[in-house]
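Novice: The structure under discussion is supplied below as structure tokens; questions concerning it will follow.
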Amino acid sequence: MKAPVRFRVLEYMTTVEKACPDEIMEAMRNEYGTERHFTKKSFIDHAMCLKANGLLEDAGAELNDSGELILFYSINEEGKKMVSKYMPNK
Amino acid sequence: MSQAVVGGQNASRLKADLEAKFERKGTVHGAMSGMTYGLYSVILGLATAKAPFATAPLIAASLVAIAINDSLAALWLTGLNVMQGRGKEIIRNLCTFPGMMVCLAALFGGPIANVAYLLGIMYAGATYAMPISALCPVVGAILSRIFMKQKISKRVGIGMTICIIGTIIVSYVKPDGNPQNFYLGIAFSLLAAIGWGAEGMISTFGMSMMDPKIAITIRDAMSGLSILIVGLPIIGGYKLFASAITQPEVIGIMAIGALVCATSFLTWYNANSMCGVAKGMSLNITYVLWGFVWSIIILHESVTGMVVVGGIIVTIGAILVSVNPMDFIRKEEA
């Protein structure tokens, strides 16, 4: 069985130095792309909630060509600890 | 890690706006959770004052009422998740360790705390049961000290003392009516605080990784199902259950109560997830004060000055146990 999407988001963050919600979405597309919760709004929510819970940290911000704000996140030690403890099949 | 902000002041301003908006949304959710939990408590009191609950033995009435409430709340929440395409996520989360911990926590929060809380409302009245049950962060701190070896800081100790003083003030003057059962109601309200305190402690295992919309669905489903499958056969409560769900007025009130309850828990879990557990819990605990407001508006109950003062003191104490006030000041300055 697939892991819950928020668990996978956090696990993915252990494999990259930093990522924005768009990049996280692309990495998850093969697994969850056909499901209705697979929206940009959801992934922004996953990232911001994981940050509010102290598992991710800010890793910069930039404006893209169309003037849209892109936020980057990185995983911290607490986040890594949670992944190694609670990620299924870990 | 150093943060690069590319795009100058515009990007910085947009980032600050977005984060402020997110936290504001969390604060609104937290405030709503307190308001709706106070309302739910009053609606539940209203439903259980009607037949068949009013004429049934109190333990059976409270178990059946909570079984119906939590199951209906789980149905509302499952419906919301399925509509938003998260149906499979419920099963996926259930198969994780944090998901299983939410199930275990639900046993303390549902069959034990929710039932005891309702018995507290039935025996002592909602205006007394609510402030006593708000001692749950105090119990959580004590249980965490015993089982998780977490230290009780000076601030938490002061908050606990304030809570106990508030509780004594609330329960010092008995209401008119049946004073014998009043103290039984206070005892059950204390048991509710113990159950919710235990639930809070157990939920700390990895719940920050879970989507709150899923966590609360699992919690309510587990609570409702455990009473339906295990609790009701033990007390022989199926007859009362069948009688209650076939009475349109009772089931109508309970369906509204369950929707309000589901909204309360959903907004509380959302607030915890969006602006941190400390702030979420502080906002949620205002349900005590909201309960007074709803009791006056809906039940036309007279609330004594002692109860209001005690309720405010318990609320302040519970907030102090849950959060360091300096955190708010530091955040404002940042």
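Novice: Which residues, taken from segment B:278-298, are over 14 Å from B:Tyr40 (Cα atoms) and in contact with a Pro (Cβ under 7 Å, 6 or more places away or on another chain)?
Specialist: B:Met281
Novice: Going by the conditions given, is B:Val82 out of contact with any strand residue (DSSP E or B) (no Cβ under 8 Å at 6 or more places or on another chain), open to solvent by less than 30 Å² (accessible area, probe 1.4 Å) and part of a helix (DSSP H, G or I)?
Specialist: No.
Novice: Out of everything in segment A:4-43 that is at the interface with chain B (Cβ under 9 Å from one of its Cβ atoms) and open to solvent by 40 Å² or more (accessible area, probe 1.4 Å), what residue ends up being nearest to A:Tyr73 (Cα to Cα)?
Specialist: A:Lys18
Novice: Taking only pairs six or more apart or across chains, which ones have beta-carbon atoms under 9 Å, a first residue in segment A:23-35 that is farther than 13 Å from A:Lys2 by Cα, and a second residue that is part of a helix (DSSP H, G or I) and of a type in the set (Asp, Glu)?
Specialist: If the second residue must be part of a helix (DSSP H, G or I) and of a type in the set (Asp, Glu), no pairs are left.
Novice: Here is a follow-up. Just one of the numbered conditions (1) crowded, with 24+ Cβ neighbours inside 10 Å; (2) closer than 21 Å to B:Leu44 by Cβ; (3) of a type in the set (Gly, Ala, Ser) is not true of B:Ala242; which one?
Specialist: (1)
Novice: Pairs, please: C-beta under 8 Å, at least 6 apart or cross-chain, first residue closer than 18 Å to A:Val9 by Cβ and more than 7 Å from chain B (Cβ to nearest Cβ) and in segment A:46-67, second open to solvent by 10 Å² or more (accessible area, probe 1.4 Å) and of a type in the set (Val, Ile, Thr)?
Specialist: Hits for this filter: A:Leu56/A:Ile75.
Novice: For segment B:6-49, how many residues meet the condition of being away from chain A (no Cβ under 14 Å), of a type in the set (Gly, Ala, Ser) and touching a helix residue (DSSP H, G or I) at 6+ places or on another chain (Cβ under 7 Å)?
Specialist: Here the count works out to 7.
Novice: Having 1 or more residues that are more than 9 Å from every other protein chain (Cβ to nearest Cβ) and in contact with a Leu (Cβ under 6 Å, 6 or more places away or on another chain) is the bar; report the helices (runs of 4 or more DSSP H) wholly within segment B:85-128 that clear it.
Specialist: The qualifying helices (runs of 4 or more DSSP H) are B:115-124.
The values are calculated or read from the model by the stated rules, or taken from the named source; none is laboratory data. From a predicted model like this one, the values you see are computed outputs, not experimental measurements. Because the Cβ atoms are built from the backbone with ideal geometry, glycine has one as well, and the counts that use them run over all protein chains shown. To get the accessible areas, we keep the full protein, side chains included, count just its heavy atoms, and leave off ligands, DNA and RNA. Shrake-Rupley method; radii C 1.70, N 1.55, O 1.52, S 1.80 Å.
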